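Report on the following structure.
What follows draws every value from the coordinates through simple rules; no lab data is involved. Since the structure is predicted, the reported quantities are computational estimates derived from the model, not experimental observations. Cβ atoms come from the backbone with ideal geometry, glycine included; neighbour counts cover every protein chain shown.
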Amino acid sequence: MRIAVIGLGYIGLPTAIMFASAGHEVVGLEIREDIVKKLNSGRAHIAEPEVEERLRRAVEEGKLRATTNPEDIKGADAFIICVQTPLKDGKVDLSYLENAVRTVAGVIERGALVIIESTVPPGTTLRMARLIEELTGLKVGQDFHMAHAPERVMPGRIFHELVYNSRIIGGVTPESAKRAEILYHSFVRGEILLTDATTAEMVKLMENTFRDVNIALANEFALLAHQYGVNVIEAIRLANTHPRVSIHWPGIGVGGHCLPKDPYLLLSGAREDFGLIRKAREINEDMPLFAKDLLFDAFKEAGVPREDAIVVVLGLAYKGDSDDTRNSPALAFIEAIEGDVADVRTYDPFVGGTHESVEKAVKGADAIVIATDHSIFRSLNWEQLGRLMRTRILVDGRHVVKDPPKGFVFRGIGRGDV
Ligand SMILES: NC(=O)c1ccc[n+]([C@@H]2O[C@H](COP(=O)([O-])OP(=O)(O)OC[C@H]3O[C@@H](n4cnc5c(N)ncnc54)[C@H](O)[C@@H]3O)[C@@H](O)[C@H]2O)c1
């Protein structure tokens, strides 16, 4: 088949590569010229294991090319839309999606299949189908087909998960869902479950909202543990031995591309306000501020005037062993303290532009704040690092440290016991 993938970011590029390696002829449409140039020379612009080799192979075999020209996707058998659906000033911004749909309407021919992979508020796929109908005079379910096929992949494991995850496909009509299922079967080995488009949209948003609300609950338990003098990490470990309990882990906040925005997408079209989901978001968004309170409390105990303090943030990525800093709570934390302290230094072995070693970063500093649970942070020798510091304060935002190191003023999220 001739497949057009629209938007070649974290989701679109690996998806285009998978369709190309399954033997389809794939053209990727991207508005950013720099990305198109890079991809056509076989170099990837996203950091993801295997992406570079797989891309080079697909380009060399002539199965994948990128373009900025919508004419190059004219008459494709399938259009797969993978553009961003961000929040702008707290509101869902569907302008990228709508532009992509308008582009498709300009080049679609009878019999084509249009798929929205982007995460969208419930009802969006139906609205976009109507938009194509209005712009082209074609009828959905008759002259063209349309479905929502949301993504469940986790950055860092995208190529494995694209193949082996189970997948929900929601058709605007049952025939649309079936056609999309056949297309995805060309590389998906996981189960494909069919439903209608609006249910599929809601399923995707419910999955991420479930995780966000559960992390908020763990964070609230952490705040309570500070009131009761309890180590919440130990308490959660014990509670999770219950056969029907599985509490998530608390921390300095929730980041990444999806979790901080998807609950708002879920709420965006609702006729009334729903307290639980919104409150959970607020709790998670406030966690960097709670980490700030812990740090400032430690300054007091150590007798460090905050305006003189040099603070080292360990980890900028939003999750461990990743270089992804999108919506990272580490950045929110830095923004929260920057004006109050003398200097903020950073060290993240995965992220460019930070100190080249942890030792260099902590030399002469007053406090270390762990904001990401990179594996290597677990084996740091705190007492050795402490000897390089001016004052020894350690704030653990990710329960990386089990026992507070000797000689440090220690604080940790959920560590009401210290
Ligand atoms: N990144 C993830 O881990 C993940 C996981 C599941 C779902 N999603 C969802 O997938 C969607 C895409 O996310 P992403 O992380 O790939 O975004 P991204 O920002 O990495 O990529 C989107 C790309 O689309 C391009 N683009 C925008 N408008 C365009 C247009 N009209 N024509 C052509 N190209 C256009 C942009 O330039 C960009 O390169 C979002 O809705 C996101 O919520 C993402």
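Counted by neighbouring Cβ atoms within 10 Å, the residues VAL104, VAL5 run from fewest to most as VAL104, VAL5. From helices alone, the chain scores -12500 deg cm²/dmol at 222 nm; the rule is -39500 (n - 2.57) for each run of n ≥ 4 DSSP H residues, then divide by the residue total.
Summarising the label geometry, the points placed 7 Å from Cα in the beta-carbon direction at LEU135 and ARG57 lie 3.5 nm from one another.
The eigenvalues of the Cα gyration tensor, multiplied by 5 and square-rooted, give the chain an equivalent ellipsoid with semi-axes of 45, 24, 18 Å from largest to smallest.
In summary, the lysines within cross-link reach of LYS279, defined as a Cα separation below 29 angstrom excluding same-chain residues under 8 places away, comprise LYS88, LYS91, LYS204, LYS261, LYS292, LYS319. A compact globular protein would have a Cα radius of gyration near 2.2 N^0.38 Å; the ratio found for the range 172-264 is 1.53. Expressed as a fraction of 2.2 N^0.38 Å, the C-alpha radius of gyration for the range 279-412 is 0.96. The loop-placed GluC sites (Glu not before Pro) in the range 329-418, going by DSSP, that have at most 12 neighbouring Cβ atoms within 10 Å of their Cβ come out as GLU338, GLU356. What separates the Cα centres of the range 34-48 and the range 72-111 is a distance of 21 Å. Other residues whose C-beta falls under 14 angstrom from the C-beta of ASP417 contribute a net charge of +1, scoring Lys and Arg +1 and Asp and Glu -1. Taking one quarter of the surface of the convex hull spanned by the alpha-carbon atoms of the range 58-166 gives a direction-averaged projected area of 8.7 nm². In this rough spin-label picture, where each label sits 7 Å from Cα along the Cβ direction, the SER186-ASN99 distance is 2.7 nm.
Ranked from largest, the principal axis spans of the Cα set of the range 86-130 equal 38, 18, 17 Å. The trypsin sites (Lys or Arg not before Pro) found in the range 211-263 that occupy coil by DSSP, while having at most 16 further C-beta atoms within 10 Å, are ARG244. The range 163-242 and the range 324-382 have Cα centres spaced 30 Å apart. Over all pairs of different C-alpha atoms in the range 2-198, the reciprocal of the mean inverse distance, the Kirkwood hydrodynamic radius, equals 16.6 Å. Gyration tensor over the Cα atoms of the range 30-102: the corresponding equivalent ellipsoid has semi-axes (square roots of 5 times the eigenvalues, largest first) of 25, 17, 11 Å. For the residue pairs LYS300/LYS406; LYS38/LYS360; LYS38/LYS63, the alpha carbons lie more than 23 Å apart in LYS38/LYS360. Bridgeable aspartates and glutamates around LYS74 (alpha carbons under 14 Å apart, same-chain partners fewer than 8 residues away excluded): GLU25, GLU109. In a DSSP loop and with at most 13 other Cβ atoms within 10 Å, the GluC sites (Glu not before Pro) in the range 64-134 are GLU109.
Over the range 85-224, with a single point scatterer placed on each C-alpha, what log10 of the ratio I(q)/I(0) does the Debye formula yield at q = 0.09 1/Å? Reported log10 I(q)/I(0), two decimals: -0.31. Spin-label pair ASN381-ASP89: with each label point 7 Å from Cα along the Cα-Cβ axis, the two points sit 5.4 nm from one another.
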